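Q: Dumping the structure here so I can ask a few things about it.
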Amino acid sequence: MSSTPPIFGGSCTLELTCDLQAVAGSCGTARDVFARADLTVAETDAWELVLSEAANNAVRYCRPEATDLAIRVDLLVTNEWVEVRVNDHTAGLDWPAEGELPPDDSESGRGIFLIQNLTDESRYLRGSGGNCLVLRKRRSPRAAAAPRDEGEELRDTRHTLDLMTEELASSYESLSAIFRFTAELQGGVDVEDFIPRWLGELLAITESDWFVLRLSDTATRRLRVVASSAKDWSSGPIPLEASSHPSDFVEVKAASHHHDVWFDAATPLSPTDPLAGLARGGCGFAHPLFAEDALVGVLSIGRRDGQRQFQAGQVNVIQTFGDFLGLQVRNTQLLEEQVRSQVNTRDLEIASNLQRALLPERLPSVARATLCGYYRSAREIGGDYYDALPMGDGDMLLVVADVMGKGLPAALFAFMFRSLVRARRDLASRPAEFLAWLNQNLFQELDRAEMFITAQIAFLDSGRGEIRVANAGHPPMLFASPSGKVTEITAGGPPLGILAAATFDETTQACTGARALLFTDGLIEARDPEGVLLGLDPIKSQLAIAARSGETCEATHSRLVGLLHAFEKGSPPADDTAFIVIVGKETSEHG
Amino acid sequence: MRMHFQDTTLALSGITELNGANSAVLRDEARAALRTGLTTIDVDLSETRFVDSSGLGALIALHKTMCARGGKLRIIDPTPSVQQILELTRLHRVFEIVKTT
């Protein structure tokens with residue numbers, strides 16, 4: 001055991017080797033300190049027992065790899081309080097609110113009971129590097145009533161007491177700050193906003209000048225700065241693997257060796273160390289933050305004046321704060337991951353339900369045309385949508401649209417689009433006007449969400465035997481004449497949600513005996529296993545063959561599905577794919 | 001620590017402290033000294049200024065050893081501070097405490 005000379009009157013730090021004999025010896029030293037501070041015999045006896053119990057436990061349950069570390073015991077006696085802190089390197093324990101006595105024949109298990117019964121307060125602060133048992137008891141009134149003599153000796157004593165009170169106040173402050181912050185966190189405070197404030201307060205409590213907090217990114221194995229008190233300092237992420245940089249960066253060293261790494265004038269930082277600019281001429285240390293053996297990050301803290309070394313109590317406060325912060329950050333990360341995965345699952349479920357509800361169960365048929373639709377959703381939910389609405393007199397409205405983006409937002413906009421289309425089917429015969437109206441009514445929401453919709457509206461005019469088409473940034477409609485000539489109908493206009501006052505062109509095509517194909521970009525962007533895009537040409541070729549053969553609408557549908565599958569050779573679709581085949585009839589079935 | 005035998009009793013005395021560093025020794029030496037016909041261990045705590053929970057544990061261990069042999073362990077003249085610890089941990093109900101003065 002070694003002991004530092006008392007800092008002042010009733011304060012002392014003892015460093016014990018991890019050995020029960022050392023505990024017995026330190027109890028004797030502590031008795032002397034307590035006696036000098038004028039504790040009663042009963043108080044001294046009680047504190048001796050308390051210290052013995054706490055230190056015996058620290059020795060008995062010390063982690064095997066930490067037995068060569070000193071067990072530090074801080075004693076602090078003021079005129080009102082006695083405080084003892086025992087720092088252990090055990091795996092830690094859940095400190096009970098009220099320790100109970102074991103069965104009468106049990107040979108062990110009375111230590112915590114004794115400690116709690118002989119002190120007013122006991123708190124066990126658990127950290128990754130070690131734990132601290134903080135024990136306090138109010139002194140008996142005899143000592144508290146200090147005489148009012150103004151002799152020199154007493155003035156010294158008073159000064160000493162003032163100093164001690166100050167130190168006690170700072171440890172009080174740190175403890176109460178921790179509890180205050182805990183309460184705040186339980187209220188669901190955003191950790192990102194909270195960390196700089198908290199660490200700012202830590203600087204004040206420990207009289208430090210700067211801090212840098214890096215958190216560990218498990219995916220990239222790097223330490224990224226998330227908070228720093230230094231306005232004119234910045235540093236990119238540093239890899240945890242030493243192969244890519246000199247391994248003497250203190251933050252990396254602290255993280256990989258699981259212990260504090262100190263720097264000062266005697267042990268300066270490497271000139272290339274990211275902290276070198278901050279630490280120049282000063283002193284400080286990097287403290288790794290662990291939560292259940294997982295690296296959370298590294299807290300570095302320092303003073304500009306290298307002569308002002310940190311005191312043991314201040315180091316203790318920084319370590320305790322840091323460890324507590326590490327746990328909070330880890331807890332928040334876990335909570336976020338949990339919420340995110342729940343949201344994602346739920347989000348996809350809703351989007352997929354919405355999307356199913358969007359598509360017509362069965363495409364209608366009209367006198368002058370037959371229709372076949374195809375829809376395939378990619379792994380993620382997209383915003384593809386098509387619809388076919390009979391309009392009376394054998395007319396029909398055909399709509400195909402693709403909302404940019406995926407997931408719930410895309411599905412919601414597709415749903416909104418569908419509702420608007422269905423609400424204004426009176427505009428069906430004038431596709432360009434219809435698109436303009438849709439754009440006006442969706443613009444604000446799309447613009448705010450930074451999304452857009454490409455769409456194509458086609459009106460099958462049975463009476464005139466023609467189809468009128470308007471397009472808002474959508475892939476062209478393909479139109480194949482009975483002779484096999486394929487035309488891309490690209491009547492122009494911007495996607496919906498891009499220009500508030502967009503106007504759209506309209507194209508008219510004779511459709512008797514012809515076939516048309518409306519589709520979303522998932523069709524032409526289908527990929528083979530090498531990643532090559534299908535493109536428009538193979539589709540046009542197949543459509544030409546279909547038109548010349550005069551095959552049924554279903555046959556053309558199968559032909560195109562066959563083309564898609566043969567091209568992809570089983571590679572999974574990256575995007576939703578939708579198309580509608582329309583085959584015009586030569587004459588009306590109803591004459 | 002001193003040990004002496006008197007009839008069927010093993011008497012332990014001269015104990016100034018009973019703590020984590022020496023209580024296991026006391027327990028083991030006392031057990032090693034047990035011989036046939038011994039029915040009582042008297043632990044004299046009149047010079048004992050300090051007992052902690054490991055000391056209490058050693059006393060309980062010897063108490064259990066004696067009970068198993070059909071005997072007993074007695075505490076003789078504990079000092080006030082030790083008496084207080086015995087009462088606090090309610091072990092005064094377990095041990096027979098004998099005051100000779």
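Q: Mind listing just one residue for me: the one in the stretch B:60-81 that is out of contact with any helix residue (DSSP H, G or I) (no Cβ under 9 Å at 6 or more places or on another chain) and of a type in the set (Gly, Ala, Ser) and, of those, nearest to the other protein chains (Cβ to nearest Cβ)?
A: B:68
Q: Looking at A:434, A:443 in this structure, which one is free of Cβ contacts under 8 Å to residues at least 60 places away in the same chain, closer than 16 Å to residue A:402 by Cα and among the aromatic types (Phe, Trp, Tyr)?
A: Details: A:434 fails: closer than 16 Å to residue A:402 by Cα.
Every option except A:443 fails the conditions.
Q: Would you check if there is a residue in the stretch B:84-96 being at pLDDT 95 or above, under 30 Å from residue A:116 (Cβ atoms) and either more than 14 Å from chain A (Cβ to nearest Cβ) or in contact with a Leu (Cβ under 6 Å, 6 or more places away or on another chain) (or both)?
A: So the first thing to find is which residues in the stretch B:84-96 are at pLDDT 95 or above, and the list is none.
No, there is no match, as no residue in the stretch B:84-96 is at pLDDT 95 or above, under 30 Å from residue A:116 (Cβ atoms) and either more than 14 Å from chain A (Cβ to nearest Cβ) or in contact with a Leu (Cβ under 6 Å, 6 or more places away or on another chain) (or both).
Listed here are the residues, each with its yes/no results for (1) in a loop (DSSP other than H, G, I, E, B); (2) more than 14 Å from every other protein chain (Cβ to nearest Cβ); (3) crowded, with 23+ Cβ neighbours inside 10 Å; (4) not acidic (Asp, Glu).
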site: A:32; (1), (2), (3), (4): no, yes, no, no
site: A:44; (1), (2), (3), (4): no, no, no, yes
site: A:68; (1), (2), (3), (4): yes, yes, no, no
site: A:83; (1), (2), (3), (4): no, yes, no, no
site: A:87; (1), (2), (3), (4): no, yes, yes, yes
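Q: Answer yes if at least one residue in the stretch A:96-115 is assigned to a loop (DSSP other than H, G, I, E, B), over 24 Å from residue B:95 (Cβ atoms), over 40 Å from the mean Cα position of the chain (by Cα) and more than 13 Å from chain B (Cβ to nearest Cβ), and no otherwise. Working first, answer last.
A: Of the residues in the stretch A:96-115, the ones assigned to a loop (DSSP other than H, G, I, E, B) are A:96-110.
Of the ones still in play, those that are also over 24 Å from residue B:95 (Cβ atoms) are A:96-98.
Still in the running and over 40 Å from the mean Cα position of the chain (by Cα): none.
No: zero hits.
Q: Is it true that residue A:497 is under 30 Å from residue A:446 (Cα atoms) and of a type outside the set (A, V, I, L, M)? Break it down stepwise before answering.
A: Working: under 30 Å from residue A:446 (Cα atoms): yes; of a type outside the set (A, V, I, L, M): yes.
Yes; evaluated as a whole, the condition is true for this residue.
Q: Which residue pairs have Cβ atoms closer than 7 Å, lie 6 or more positions apart in sequence or on different chains, and pair a first residue in the stretch A:271-283 that is among the β-branched types (Val, Ile, Thr) with a second residue that is in a loop (DSSP other than H, G, I, E, B)?
A: A:272/A:246
Q: Can I ask one more? Out of (1) more than 14 Å from chain A (Cβ to nearest Cβ); (2) not in a strand (DSSP E or B), what's the single condition that is false for residue B:43?
A: Failing condition for residue B:43: (2).
Q: Going through A:387, A:393 one at a time, which residue ends up being of a type outside the set (S, T, N, Q), assigned by TED's automatic domain parsing to the domain that holds residue A:449 and modelled with pLDDT of 85 or more? Please lay out each step first, then the result.
A: Numbers: A:393 fails: modelled with pLDDT of 85 or more.
Residue meeting the stated conditions: A:387.
Q: Looking only at the stretch A:508-527, count how many residues are assigned to a strand (DSSP E or B) and either of a type in the set (Val, Ile, Thr) or touching a residue at least 60 places away in the same chain (Cβ under 8 Å) (or both).
A: 6
Q: Quick check, is residue A:77 under 20 Å from residue B:85 (Cβ atoms) and aliphatic (A, V, I, L, M)?
A: Details: under 20 Å from residue B:85 (Cβ atoms): no; aliphatic (A, V, I, L, M): yes.
Judged against the criteria, residue A:77 is not a match.
Q: Do we find a residue being surrounded by 14 or more Cβ atoms within 10 Å (Cβ to Cβ), within 14 Å of chain B (Cβ to nearest Cβ) and over 27 Å from residue A:299 (Cα atoms) anywhere in the stretch A:120-127?
A: no
Q: Scan (1) more than 20 Å from residue B:81 (Cα to Cα); (2) in a loop (DSSP other than H, G, I, E, B); (3) modelled with pLDDT under 90; (4) more than 9 Å from chain B (Cβ to nearest Cβ) for the single condition residue A:38 breaks and write down its number.
A: Of everything listed in (1) more than 20 Å from residue B:81 (Cα to Cα); (2) in a loop (DSSP other than H, G, I, E, B); (3) modelled with pLDDT under 90; (4) more than 9 Å from chain B (Cβ to nearest Cβ), residue A:38 misses just condition (1).
Q: Something else: Could you run through the stretch A:566-584 and say how many residues are at pLDDT 85 or above and within 15 Å of residue A:400 (Cα to Cα)?
A: 6
Q: Just checking, how many residues over the stretch B:12-26 are surrounded by 21 or more Cβ atoms within 10 Å (Cβ to Cβ) and either in a helix (DSSP H, G or I) or away from chain A (no Cβ under 11 Å) (or both)?
A: Residues flagged as surrounded by 21 or more Cβ atoms within 10 Å (Cβ to Cβ) and either in a helix (DSSP H, G or I) or away from chain A (no Cβ under 11 Å) (or both) within the stretch B:12-26 amount to 3.
Q: Identify the single condition in (1) among the hydroxyl-bearing types (Ser, Thr, Tyr); (2) more than 19 Å from residue A:390 (Cα to Cα); (3) in a loop (DSSP other than H, G, I, E, B) that residue A:454 does not satisfy, given that it satisfies every other one.
A: Condition (3) is where residue A:454 drops out.
Q: Okay, moving on. Kindly establish whether residue B:32 is away from chain A (no Cβ under 14 Å) and in a helix (DSSP H, G or I). Before the answer, list the steps.
A: Working: away from chain A (no Cβ under 14 Å): yes; in a helix (DSSP H, G or I): yes.
Yes, satisfied.
Q: Right, next: Assuming residue A:91 fulfils every condition listed in (1) of a type outside the set (Ser, Thr, Tyr); (2) closer than 15 Å to residue A:47 by Cβ; (3) out of contact with any helix residue (DSSP H, G or I) (no Cβ under 6 Å at 6 or more places or on another chain) apart from one, which condition is it?
A: Failing condition for residue A:91: (2).
The values are calculated or read from the model by the stated rules, or taken from the named source; none is laboratory data. The structure presented is a predicted model; accordingly, all values stated were derived computationally and were not measured. Every residue, glycine as well, gets a Cβ built from its backbone with ideal geometry; the counts of neighbours run over all protein chains shown.
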